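To keep things clear, I will list the structure first and then write my remarks on it.
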Amino acid sequence: MRLDASAVVRAALAASRAPVVLVDGPSGAGKSTFADAIVAAWPGVAPQLVRMDDLYPGWAGLEPASHQVVRDLLLPLRSSGVGHWRRWDWAASRVRDTRVARAGHPLVIEGCGCLTRASASLADLHVWLNAADDVRKRRALDRDRGAFDAHWDMWQRQWGRLVARESPVSLADLVFDTTAVLAAPGAAARGTVSP
């Protein structure tokens, strides 16, 4: 299937006037890049973008962030119209601030652990990205310029446990393999990438 941000936007808007879109997949699959393309392709007022990287309370924080996005953001957003999330300050190893999302405005959440059985029922569209393991690892380690290197194995173990328990790819409405895409400079920014 062709990786096309405009098609994802059309699918999201067909589901709801103000949809919640989850973009998940393993580290290095291209979630952040593709989420940026989705936001750029959105007609009118752009959706609010929440990055799971801002929620993880450190390198061992995949599970807590996965729970936080449901408990603090998605459940309250659906039940009361206002959800929030705590942004993590990686340099200071503490919560930086709290952000708010309001119902009636489109929301895109991207990052490892955002698509679970608990979050799936609270979102309108579920997108899964994947790529070959060697490609993903190279992308992730190159992207973080050495900051991720010492934590890769621990992160992969956390990720493996979450995937085994939640089977997030089975919850996805759209599944894309990005092994051969997102490599060309500016490709995702154009909103359309094909293998």
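The values are calculated or read from the model by the stated rules, or taken from the named source; none is laboratory data. Only a predicted model underlies this, so the values are computations on that prediction, with no experimental measurement involved. FYI the Cβ positions are ideal-geometry reconstructions off the backbone, even for glycines, and counts take in every protein chain you see.
Just one of the listed residues (W152, W88, W159, W128) is within 22 Å of L3 (Cα to Cα), of a type in the set (F, W, Y) and either under 17 Å from the mean Cα position of the chain (by Cα) or surrounded by 15 or more Cβ atoms within 10 Å (Cβ to Cβ) (or both), namely W128. What pairs come up if the first residue lies in region 153-175 and is assigned to a helix (DSSP H, G or I) and at pLDDT 95 or above, the second is basic (K, R) and surrounded by 13 or more Cβ atoms within 10 Å (Cβ to Cβ), and their beta carbons are under 6 Å apart, counting only those six or more places apart or on different chains? Final answer for the pair search is E166/R117.
Looking only at region 131-149, residues that are within 16 Å of the chain's Cα centre (by Cα) and in a loop (DSSP other than H, G, I, E, B) come to 1 in all.
A search for C-beta distances below 6 Å between a residue of region 54-78 that is closer than 10 Å to L122 by Cβ and any residue that is part of a helix (DSSP H, G or I), counting only pairs 6+ apart in sequence or on different chains, returns V70/A118; V70/S119; L74/S119.
Exactly one residue out of A35, A15 is modelled with pLDDT under 95 and of a type in the set (G, A, S): that is A15. G28 meets each of the listed conditions (1) under 18 Å from P168 (Cα atoms); (2) of a type outside the set (D, E); (3) touching a helix residue (DSSP H, G or I) at 6+ places or on another chain (Cβ under 9 Å); (4) surrounded by fewer than 21 Cβ atoms within 10 Å (Cβ to Cβ) apart from (4).
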